[in-house]
Amino acid sequence: MPSVVGRFSKTSEVPKVIGLKMEKATELLKSQGLNVMLDSASDFSAEVGAGKIMTQFPDPGMMVKQGRRVWVRISKGRRAVEIPVLRGMSQRQAEISLQEC
């Protein structure tokens, strides 16, 4: 019986929201009958700017039932790295210090 009931549910294609701000992504997902859920964890990304969505699940292009949750994670942007003082070091010492950053 459950397989018959699920077959008649409306489905939507998950749009790509990676690279969008949360507000725009929410609007886009709701227009497809999907709900957005924010992953509490966030990570640094060199590719995706701060405040934009860096990952989503399910992946773009998947067909899912309407009302399904789409989990997104927000980027913190590039990781700030403190460069050590290299003045007075040999080239080898400077390379080692930079590799430890």
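Read the figures in this text as sums done on the coordinates, not as results from a lab. This structure is a prediction, so every number in the text was calculated from the model and none was measured. Cβ coordinates were reconstructed from backbone atoms using ideal geometry, including for glycine residues, and neighbour counts include every protein chain displayed.
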>> Looking at region 23-35, can you tell me whether even one residue there is loosely packed, with under 12 Cβ neighbours inside 10 Å and within 11 Å of the chain's Cα centre (by Cα)?
In response: no
> Which pairs have Cβ atoms under 9 Å, sit 6 or more apart or on different chains, and link a residue in region 81-94 that is free of Cβ contacts under 8 Å to residues at least 24 places away in the same chain and surrounded by 10 or more Cβ atoms within 10 Å (Cβ to Cβ) to one that is part of a loop (DSSP other than H, G, I, E, B) and of a type in the set (Gly, Ala, Ser)?
Replying inline: none
>> For region 45-70, give me each residue that is surrounded by fewer than 18 Cβ atoms within 10 Å (Cβ to Cβ), assigned to a strand (DSSP E or B) and touching a Ser or Thr at 6+ places or on another chain (Cβ under 8 Å).
In response: 63, 64, 65
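Here is a yes/no grid of residues against (1) farther than 22 Å from residue 23 by Cβ; (2) not small (Gly, Ala, Ser):
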residue: 42; (1), (2): no, no
residue: 45; (1), (2): no, no
residue: 49; (1), (2): no, no
residue: 54; (1), (2): no, yes
residue: 61; (1), (2): yes, no
residue: 69; (1), (2): no, yes
residue: 84; (1), (2): yes, yes
residue: 92; (1), (2): yes, yes
residue: 96; (1), (2): yes, yes
